[in-house]
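Let me begin by presenting the structure, written as structure tokens, before commenting on it.
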Amino acid sequence: MKTKGLLALAAGLACFTHTAYLNADTLQPYKATYGAEVSSIPVKGSASRELTVAKDGSYHLSFSADIVIVDIAEQSRFSIQDNYVVPTSYHYKRGGFAKTKEDSLTFDWKNMQVQNQADEEVKPFAITKQTLDPLSYQFQLRLDLANDKKDLTYKVADDDEVKTYSFQRLGEEIIDSPLGKLKTVKVKRVRENKKRETTLWFAKEWDYILVRLQQLEESKVYDIYLQKASINGKPVGK
């Protein structure tokens, strides 16, 4: 399997209560574990995503993946103001047999800029209001889906520039999962590059947690799927 495909699969893995809408008052800590397949063939390894809440009310979202030859770890710290994520820091590290990469983003909202540190080099660049990081934008997407927002476009500080990520709702779909049948909202990443197609499914009855991600690339189908999850330490089951 190509390393490029594995990286795309791991990076794509970018939440649980029975509330109709999500905000800072209804969010709860959770942990979700995912498995993976490539063209319907199970892949060795797993990935997990976890949300914790600090005593000061800020949030820590982490993602880790150990899939075949790729190890990835991401962390984002942020607060929520008026139901919009305000990131303070982000860290990314990739290892294993893949090319090693590590970088960090520190948000300076007073001066409206981000400090990007990679390979001991620091590059500041300007940002605008509602700029997110490569992990927290996925959390914002979850909030917006839960609150029925129509515009799913995000400004994301990525490396040393601000990029635009857009998504399109494709409707609702009931899918099978290890947790039973789930009613989901199906979303597609809007890309100019048509060589890669990414589709995501979020569970409506479980706070719009990501339950499946499928990526089509170079005649291969990369799939990640939810295996288990817990809210406040309580397992989510059928």
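The values are calculated or read from the model by the stated rules, or taken from the named source; none is laboratory data. In this text, all values refer to a predicted model and were calculated from it rather than measured experimentally. No Cβ is skipped: glycine too gets one built from the backbone with ideal geometry, and neighbour counts run over all protein chains shown. Heads up: the accessible areas ignore ligands, DNA and RNA and are worked out on the full protein's heavy atoms, side chains in. Shrake-Rupley method; radii C 1.70, N 1.55, O 1.52, S 1.80 Å.
Taking each DSSP H run with n ≥ 4 as -39500 (n - 2.57) and averaging over every residue of the chain yields -2500 deg cm²/dmol at 222 nm. For the stretch 147-230, the Cα gyration tensor yields ellipsoid semi-axes of 24, 17, 13 Å (square root of five times each eigenvalue, largest first, whole Å). Overall, the accessible surface of the chain at a probe of 1.4 angstrom is composed of carbon and sulfur to the extent of 48 percent. When volume of the Cα convex hull per residue in Å³ is calculated directly from the model, which label among (1) 112; (2) 178; (3) 129 fits? Label of the calculated value: (3). Counted by Cβ distance under 11 Å from Val162, the other residues give a net charge of -3, where Lys and Arg count +1 and Asp and Glu count -1. Protein heavy-atom accessible surface, 1.4 Å probe, per residue over the stretch 134-203: 49 Å². The listed peptides 72-79, 53-60, 34-41, ordered by packing as a protection proxy, come out as 72-79, 34-41, 53-60 (highest mean of other Cβ atoms within 10 Å first).
Each residue, Lys194 and Glu173, gets one label point 7 Å from its Cα in the Cβ direction; the gap between the two is 2.0 nm. Extension gain, Lys183 to Glu121: 0.36 nm times the residue separation minus the Cα-Cα distance gives 17.8 nm.
For the stretch 51-116, the fraction of C-alpha pairs farther apart than 17 angstrom is 51 percent. Relative to its residue count, the stretch 96-158 spans a Cα convex hull of 107 Å³ per residue.
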